[in-house]
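Written below as structure tokens is the structure these notes are about.
Every read-out reported here was derived from the displayed coordinates using simple, explicitly stated rules and does not represent laboratory data. No experiment lies behind these values; they were computed from the predicted model shown. Ideal geometry is used to build each Cβ from the backbone, glycine not excepted, and the neighbour counts take in all protein chains shown.
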Amino acid sequence: VVFHDTTEQKQAQQRAEERQAELLHVSRLSTLGEMASGLAHELNQPLSAIMSYASASVRSVQRGDFDPLKLATNLNSIVAQSSRAGDIIRRVRDFAQRRQPRLETVDVNKCVQDVLSLLHTTIRHAGVETALDLAKGLPTVHGDAIQLEQVLVNLMRNAVEAMQGTDSNHRQLTVRTATPSSDVVAVTVSDTGPGMDDKTKSRVFEPFFTTKDNGLGIGLSISRSIIESHRGHLWVAPSEQGGCAFTFTLPASQSPGAEEAQHDNQREATSRDVWTRT
Ligand code: ADP
């Protein structure tokens, strides 16, 4: 009988995991720093709306001629806008949190929508249109929702930045989710930017490779390591519209509507072919 003491090996593995979690956290904080002004603007919108509804209500009460129904409508709008502001703060707080990787059941369509809310102002200020094509009945995946959101933030911000030099009437960010087979979930983020030449394409996933003046060159290498740690793949190909299409796949953990999604290629009514100018 041979006994092996694996304590050191396990400790080394634990230290490596802690360093990786720390790196992901620092990268998220740096991304949030760059998004700060857009986020402040995003938060300002519900706050301004609350201010307007509250001021109008106070004025009508002071005049003594208020209509109770109108007042109730204003108060309901204040509740709705407060909840919108609360959602923004919750998303930022979750994204900024320093924590150990957490395995949970993740709805990828919801991750996409949460990230789009975080980036809403950034996308709008960049004059980019967003098209969402979210598969109906998409299976859930097993993973860390915040890390997957980090990948989506990296891909969408890169897409928006890539389109800055292009015709402002032609800036489209498309996010599509699909089930290429019943046990795989795929997400594609594509743009109408300039695309990339073969040399750049062969290096984009290398750490510290960047073509931007103030780029760090770590977004894509981190994204690939997150996806691979979820037993998936991330790659880039030319998009149909001439820009880049970054796709990642993840193993499906559960496929309640997978068959339906695969055989019936329906898309969610709310998102199908709906092009929104954000
Ligand atoms: P950074 O954004 O800091 O440069 P990344 O690792 O996210 O770091 O990206 C590396 C490089 O990949 C970018 O500098 C850019 O040259 C290229 N790239 C990434 N996304 C796109 C895109 N959607 N279109 C064109 N080039 C891209």
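Numbers below:
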item	result
Taking Arg19, Arg84 and counting other C-beta atoms within 10 Å, the order from fewest to most	Arg19, Arg84
Using alpha-carbon coordinates, inclination of helix 145-162 to the longest axis of the chain, degrees	80
CD proxy at 222 nm, helix term only [per DSSP H run n ≥ 4: -39500 (n - 2.57); per residue of the chain; nearest 500]	-18000 deg cm²/dmol
Test item: Cα-centred dipole of the range 36-87, Lys/Arg +1 and Asp/Glu -1 on Cβ, debye	140
At most 12 other Cβ within 10 Å, DSSP loop - trypsin sites (Lys or Arg not before Pro), the range 158-246	Lys212, Arg231
Rounded to the nearest 20 debye, dipole of the chain from Cβ charges on Lys, Arg, Asp, Glu	740
Relative frequency of Cα-Cα separations exceeding 19 Å in the range 45-162, percent	61
Dipole magnitude of the range 64-183, debye to nearest 20 (Cβ charges: Lys/Arg +1, Asp/Glu -1, about Cα centre)	260
Span per principal axis, largest first, for the Cα atoms of the range 26-100 (Å)	55, 23, 12
Global size of the chain as Cα Rg and Dmax, reported in angstrom	22.0, 91
Along the chain, longest interval not containing exposed chymotrypsin sites (Phe, Trp or Tyr not before Pro), exposed being DSSP loop plus at most 10 other Cβ atoms within 10 Å	4-207
Two-site FRET efficiency, Ala16 against Ala54, from Cβ-Cβ distance with R₀ of 41 Å, rounded to 0.05	0.20
Principal axis dimensions, the range 152-219 - Cα atoms, whole angstrom, descending	42, 33, 23
√(5λ) per eigenvalue of the Cα gyration tensor, the range 107-154, largest first, Å	21, 14, 6
Whole-percent pair-distance distribution, where bins are 5 Å wide, for the alpha carbons of the range 193-236	5, 23, 26, 26, 14, 6, 1
Approximate spin-label separation Thr6-Ala36, in nm, with each point projected 7 Å along Cα-to-Cβ	4.5
